[in-house]
Amino acid sequence: MASLVGSRVERKEDKKLLTGRGRYTADVNFVHQTFAYFVRSPHARAQIKKVDTSKALKSPGVVSILTGADIVNDKIGGLIAGWRIKSEDGSDMKVPPHPPLASDTVNYVGDHVAVVIAETLDEARNAAELVKVDYKILKAVVSTKDAMSSDQIYKDIPKNMCFDWLLGDRAKVKEAFDKADKIIKIDLVNNRLIPNAMEPRAANADYNPSTEEITLYTTSQNPHLARIIISAFNGVAPENKLRVIAPDVGGGFGSKIYPYAEEVVCSWAAKKIERPVKWVADRTESFLSDCHGRDHVTHAELAVKNDGTFLGFKNETIANLGAYASVFGTVTPTYLFGPCATGVYKMPAAYSNVKAVYTNTAPVDAYRGAGRPEATYTIETLVEKAARELGMDPAEIRMKNFPTQFPFQQTLVHSVDSGDYVGGLNKAMEIADYKGFEKRKRESASKGKLRGIGLCSYFEACGIAPSPVVMMLGCGIGLWESAEVRFNPTGNVTVFTGSHSHGQGHDTTFAQIAADQLGVPIENIEIAHGDTDKGPFGYGTYGSRSLTVGGTAIVKACDKIIAKGKRVAAKMLEASVDDIEFSNGEFVVAKSNKKKTIGEVAFACYLPGTYGEVKSPLPEGDEPGLKETSFFDPVNFSFPAGSHICEVEVDPDTGETKLVKYTAVDDFGTIINPLVVEGQVHGGLAQGIGQALYENCHYDESGQLITASYMDYTMPRADNFPEFNLGFTCTPATSNPLGTKGCGEAGAIAAPPAVMNAVMNAIGTEISMPATAEKVWKACNKNKKRNSEAA
Amino acid sequence: MKTFNYHSAKDVKEASKLASSNSAFLAGGMTTIPSIKLGLATYKDIINIKNIKSLSGIKASSKTLKIGATTKHVEVANSKDVKKAIPSLAALAEGIGDPQVRNRGTIGGSIANNDPSADYPSACIALNAVIHTNSRKIEAEKFFKGMFETALKSGEIIEAIEFSIPEKSNYQKYPNPASRYAVVGVYVAKHKGEVNVAVTGAKSCVYNDKDLAKALSKNFSSSVIDNVKISSSGMNSDIHASAEYRANMIRVFAKKAVEAC
């Protein structure tokens, strides 16, 4: 049987998903179901003086209305910050309480105040309008940059600062900077984004009063995590009485890793009223209350020699956490950001200092790339600026500072096991016809257009591991992954993974891996995930971890299956275990034609006897059945890397930027399914380009969200993109047996600097993301004015 | 969504009779229905006029093109008569919204709504349209009164829009990158003896830029546009485009339109 790893197997899940046969949380309905509608704060910051539900309770169809007071009475715990960060001075981070329904203050527009539960959604919504909340409006803190000098939001959190974190060595950096020929400085804003998963968040909780069990269907990237949080922290039900199912999920991009107030409230309310409670966000609720992404204000400096050698780097960042510390809100701007700050370069000295602040905006958490796009944007625009100021070619300055020996120990944290940064950039330059740029630029100029080229060389640290290190750094959970490989008696296979597919294509990629390992046809393998009652505990899908961590767990479980299979086959074939060889789904006695297929072995394991005589195929000590579980905790992250080259054409009359050419060369180690990987790259690029040119979350001064619908929040569309030129290099990862590295976030990490470097190259001026037409037009005008004055 | 009474009128007279100060006519429903669903509008009565056959259809004569009020955008875009008589109008219809909107939205609905960034109002102004209602004929210049405001009275129904066929014309717009509504749309039409330059998206209501029109009447060439002052005063300013940028875009797109004529 030919190996499936490396082949373009069409996605098994697409038939279902593309023909409308997917089953999403909103498709799940229970008999006797009720509908929840949340009363949300219309103010960015206010004291709740009184919540009057008396009129709303009389509204037709209303079953129950629950408020913050009920949360307090029932001792329902608050939402949690999942990663504890210490400040440079050793003090613990400061975290405000975050009750699922607010009882005394609201802290962003969309904050949860009450829930109305009614027989129909319309009835719930109509009654919600009658809930009278008496607010005392307070001055909102909105600006990231000014948060530390604004009004104090929480009594015990001075300067609105959660922590002031340092990674690196200030003294060494100072030394390096003292020796530099030149210091390159940059001030950046990493624009705030709204995740915009295609499927809005939803929850449907069913309670069985006789067994006291809650079944919660929810839009989650990680149902196991939802279960443990809702049980252990919110205290809604013990873990054994809470089943969480994340069925088909229409995208998450980080925003669905953890449970929100709505899931907690629906589960708790279902138990309270003893009826199922369903909630589905409308799009505006998604804009208001899904956790947002990015939102950094950064000052960074690079110390260089005149020949372009990097000597040192420093990064001072203010990161906006929004109104509360969300589950991965505190790790995103620290351990996911800081260690990647020096990019793909040899950097003798470096530090990253991050001050995380609270503001009266929606909480900010992981969003595709989480911390790594922010880090990459900083170093890659800074490196490009260094090239400009030193009069060097941007490719040359990168090449000069790339490490060429691997493993490569970076200055800050990571020991990068493998890579070929020089080869990757060379390949990208070749595909992009880097040399031909000047000619293309002249052609554009003859049409009155400004053409620019931009580079980005990036690396990513994904598949966070190993768990003891992660927990030492403050993480509230481990980050291993589980797999259970279960042969059914008739010889086909169900593989349970603790990760979760919500667009990534696990049903196909993971089946390819299992098919190769077990020698079973791919159509006989089913991948199961997303149900805490089906498979073992797991940690879900985010941070480009599923294949390297979860895929490896599948390999390990398959190894155990084969080990047992060898013992059983040996007994069946009356041979020694040491003589049994396994390949292509067959156990063969060495140097003979005696063999048993893995299907026959599985059958024998489940029916261990012989008609008419007492004879078992199982060796002594082996139990019946053929099912093995593995919990894999990798020794290190995986480190994908690559170089992207973008070309844009700017119309100076309108400022419109057209992406005319985009080349991405990535090293994801071993590629299991190129079709799926290319899809992941395309999607990541779309989001990265979206951040660079279009997307921007905008709050006004009072904290009202102006971009609260697709009328104002610019999602990129297909016609905004050129054909992407993709290329791959391969240095297999050494930290997992497959040799794979994560690929999900690469595009979102590399694209923003590549695009912005191209825009800035075209117009010759620094501008901030997103490079909207008006911003670019103004920059072009300023240049024109300057040029005419100079003339 | 609040409940309402639904009526389906069989003719214009019945539709008009059912109308009240608390009712809405329903044609394509591309604005009305989302407004109701979002709770931005509530009505006691919704009067469906889609089944009134006389309100739909396209009639071309030598001088004018008459389009029934409930004619869908897709029908205007695909109509041989429109493409022949006023190709820029067919192109405008082709560029409204997305396929779903074009398959349901109607010309009468668009101009009755008079969204400040809608496309059709600019065509009405540029093409000297006459709005035929069940009680009178209104010139386009007098029809569009202000933001979402028209000369229509309660119970008055648009029956058709009659466009003058120009010598040449073209419509160019800069779509809002988020919503794809016009941030600025410029409809240039050269008629015998006069030029109209209708601008949508820039102000609270569509208007004819008299200065541009005058300059182009004298010399129908994009080169004259640079000499015309386009003041940003009174123009919309929002997160997508400042007034100053809109004024620039009028100039750029007026040139494009003239060059494409």
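The values are calculated or read from the model by the stated rules, or taken from the named source; none is laboratory data. Keep in mind that what you see is a predicted model, and the values were worked out from it rather than measured. With ideal geometry, Cβ positions are generated from the backbone for all residues, glycine too; neighbour counts draw on all protein chains shown.
Taking the condition assigned to a strand (DSSP E or B), under 27 Å from B:Gly97 (Cβ atoms) and within 13 Å of chain A (Cβ to nearest Cβ), does B:Lys255 pass? When the stated conditions are applied, B:Lys255 does not pass them.
State which residue is nearest to the other protein chains (Cβ to nearest Cβ) when the search covers only the range B:221-240 and only residues that are more than 28 Å from B:Lys168 (Cβ to Cβ) and of a type outside the set (D, E, K, R). Write out each step before concluding.
Narrowing the range B:221-240 to residues more than 28 Å from B:Lys168 (Cβ to Cβ): B:232-234, B:236-240.
Then drop every residue that is not of a type outside the set (D, E, K, R), which leaves B:232-234, B:236-237, B:239-240.
On the way: B:Ser232: 13, B:Ser233: 18, B:Gly234: 18, B:Asn236: 13, B:Ser237: 11, B:Ile239: 5, B:His240: 7 Å.
Filtering first and then ranking leaves B:Ile239.
Tell me whether the range A:625-634 contains one or more residues that are closer than 26 Å to A:Tyr694 by Cβ and more than 14 Å from chain B (Cβ to nearest Cβ). Within the range A:625-634, not a single residue is closer than 26 Å to A:Tyr694 by Cβ and more than 14 Å from chain B (Cβ to nearest Cβ). For the condition more than 14 Å from chain B (Cβ to nearest Cβ), under 21 Å from A:Thr144 (Cα atoms) and not hydrophobic (A, V, I, L, M, F, W, C), what is the one hit in A:Gly703, A:Gly679, A:Gly688, A:Gly683? The match here is A:Gly703. Only one of the numbered conditions (1) surrounded by fewer than 19 Cβ atoms within 10 Å (Cβ to Cβ); (2) in contact with a Ser or Thr (Cβ under 8 Å, 6 or more places away or on another chain) is violated by B:Val74, and that is (2).
Return yes or no: is A:Lys661 closer than 30 Å to A:Val776 by Cα, among the basic types (Lys, Arg) and touching a helix residue (DSSP H, G or I) at 6+ places or on another chain (Cβ under 9 Å)?
On the way: closer than 30 Å to A:Val776 by Cα: yes; among the basic types (Lys, Arg): yes; touching a helix residue (DSSP H, G or I) at 6+ places or on another chain (Cβ under 9 Å): yes.
Yes; evaluated as a whole, the condition is true for this residue.
I'd like to verify a number: residues in the range A:517-569 that are in a helix (DSSP H, G or I) and of a type in the set (S, T, N, Q), how many? So the answer is 5.
Would you call A:His644 assigned by TED's automatic domain parsing to the domain that holds A:Glu430, at pLDDT 95 or above and surrounded by fewer than 22 Cβ atoms within 10 Å (Cβ to Cβ)? Step through it out loud before you land on a result.
Numbers: assigned by TED's automatic domain parsing to the domain that holds A:Glu430: yes; at pLDDT 95 or above: yes; surrounded by fewer than 22 Cβ atoms within 10 Å (Cβ to Cβ): no.
For A:His644, the condition - assigned by TED's automatic domain parsing to the domain that holds A:Glu430, at pLDDT 95 or above and surrounded by fewer than 22 Cβ atoms within 10 Å (Cβ to Cβ) - is not met.
Okay, residues lined up against (1) within 30 Å of A:Ser702 (Cβ to Cβ); (2) acidic (Asp, Glu); (3) without any contact (Cβ under 8 Å) to a residue 60 or more places away in the chain:
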{"position": "A:Arg8", "(1), (2), (3)": "no, no, no"}
{"position": "A:Arg11", "(1), (2), (3)": "no, no, no"}
{"position": "A:Lys15", "(1), (2), (3)": "no, no, yes"}
{"position": "A:Ala36", "(1), (2), (3)": "yes, no, no"}
{"position": "A:Ser41", "(1), (2), (3)": "yes, no, no"}
{"position": "A:Ala56", "(1), (2), (3)": "yes, no, no"}
{"position": "A:Gly61", "(1), (2), (3)": "no, no, no"}
{"position": "A:Ile80", "(1), (2), (3)": "yes, no, no"}
{"position": "A:Gly90", "(1), (2), (3)": "no, no, yes"}
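Scanning the range A:38-68 for residues that are over 20 Å from A:Ala325 (Cβ atoms), of a type in the set (Gly, Ala, Ser) and surrounded by 13 or more Cβ atoms within 10 Å (Cβ to Cβ) yields A:Ala46, A:Ala56, A:Ser59, A:Gly61, A:Ser64.
When A:Asp111, A:Asp104, A:Asp134 are checked against the criterion of being among the charged types (D, E, K, R), modelled with pLDDT of 95 or more and surrounded by 24 or more Cβ atoms within 10 Å (Cβ to Cβ), A:Asp111 stands alone in meeting it. Residues in the range A:125-147: is at least one within 17 Å of A:Thr298 (Cα to Cα), away from every other protein chain (no Cβ under 14 Å) and not in a loop (DSSP other than H, G, I, E, B)? Yes, the conditions are met somewhere in the range A:125-147.
Checking the range A:208-229 against the condition returns a match, with at least one residue being in contact (Cβ under 8 Å) with a residue 24 or more places away in the chain, outside the structural domain of A:Ser544 (by TED's automatic domain parsing), hydrophobic (A, V, I, L, M, F, W, C) and part of a strand (DSSP E or B). Would you mind stating whether A:Pro752 is under 29 Å from B:Ser179 (Cβ atoms), away from every other protein chain (no Cβ under 14 Å) and modelled with pLDDT of 95 or more? Yes: the conditions hold for A:Pro752. If the condition is being surrounded by fewer than 21 Cβ atoms within 10 Å (Cβ to Cβ) and within 9 Å of chain A (Cβ to nearest Cβ), then the range B:241-250 contributes B:Ser242, B:Glu244. Residues being away from chain B (no Cβ under 14 Å), buried (at least 24 other Cβ atoms within 10 Å of the Cβ), in contact (Cβ under 8 Å) with a residue 12 or more places away in the chain and farther than 30 Å from A:Arg440 by Cβ are entirely absent from the range A:660-667.
Of all the residues that make up the range A:576-590, how many are touching a helix residue (DSSP H, G or I) at 6+ places or on another chain (Cβ under 8 Å) and not in a helix (DSSP H, G or I)? Working first, answer last.
Initial filter on the range A:576-590 (touching a helix residue (DSSP H, G or I) at 6+ places or on another chain (Cβ under 8 Å)): A:576-577, A:579-580, A:582, A:585-587, A:589-590.
Pick out the ones that are also not in a helix (DSSP H, G or I) and you get A:576, A:580, A:582, A:585-587, A:589-590.
Matching residues across the range A:576-590 total 8.
If you go through the range B:167-198 and keep only what is more than 14 Å from every other protein chain (Cβ to nearest Cβ) and surrounded by fewer than 24 Cβ atoms within 10 Å (Cβ to Cβ), you end up with B:Glu167, B:Lys168, B:Asn170, B:Lys190, B:His191, B:Lys192, B:Gly193, B:Glu194.
Going by the conditions given, is A:Gly474 small (Gly, Ala, Ser) and touching a residue at least 24 places away in the same chain (Cβ under 8 Å)? Steps first, please.
Numbers: small (Gly, Ala, Ser): yes; touching a residue at least 24 places away in the same chain (Cβ under 8 Å): yes.
In short, yes.
Based on what the data block shows, is A:Arg275 outside any loop (DSSP other than H, G, I, E, B), touching a residue at least 40 places away in the same chain (Cβ under 8 Å) and not aliphatic (A, V, I, L, M)? Walk me through it before giving the result.
On the way: outside any loop (DSSP other than H, G, I, E, B): no; touching a residue at least 40 places away in the same chain (Cβ under 8 Å): yes; not aliphatic (A, V, I, L, M): yes.
The answer is no for A:Arg275.
Being away from chain B (no Cβ under 14 Å) and either surrounded by fewer than 21 Cβ atoms within 10 Å (Cβ to Cβ) or at pLDDT 95 or above (or both) is a condition met by no residue of the range A:706-714. In this structure, A:Val236 does not satisfy being crowded, with 24+ Cβ neighbours inside 10 Å, under 28 Å from A:Gly22 (Cα atoms), among the β-branched types (Val, Ile, Thr) and touching a Ser or Thr at 6+ places or on another chain (Cβ under 8 Å).
Filtering the range A:76-96 for residues that are modelled with pLDDT of 95 or more, outside the structural domain of A:Pro363 (by TED's automatic domain parsing), within 18 Å of A:Asn234 (Cβ to Cβ) and surrounded by fewer than 17 Cβ atoms within 10 Å (Cβ to Cβ) leaves an empty set.
Residue-by-condition table, conditions (1) assigned to a loop (DSSP other than H, G, I, E, B); (2) over 21 Å from A:Arg294 (Cα atoms):
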position	(1), (2)
A:Val331	yes, no
A:Tyr345	yes, yes
A:Lys355	no, no
A:Asn360	yes, no
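Pull up the range B:1-58, narrow it to residues that are buried (at least 19 other Cβ atoms within 10 Å of the Cβ) and within 14 Å of chain A (Cβ to nearest Cβ), then point me to the one that is nearest to A:Thr284 (Cα to Cα). Per the criteria, the residue is B:Ile36.
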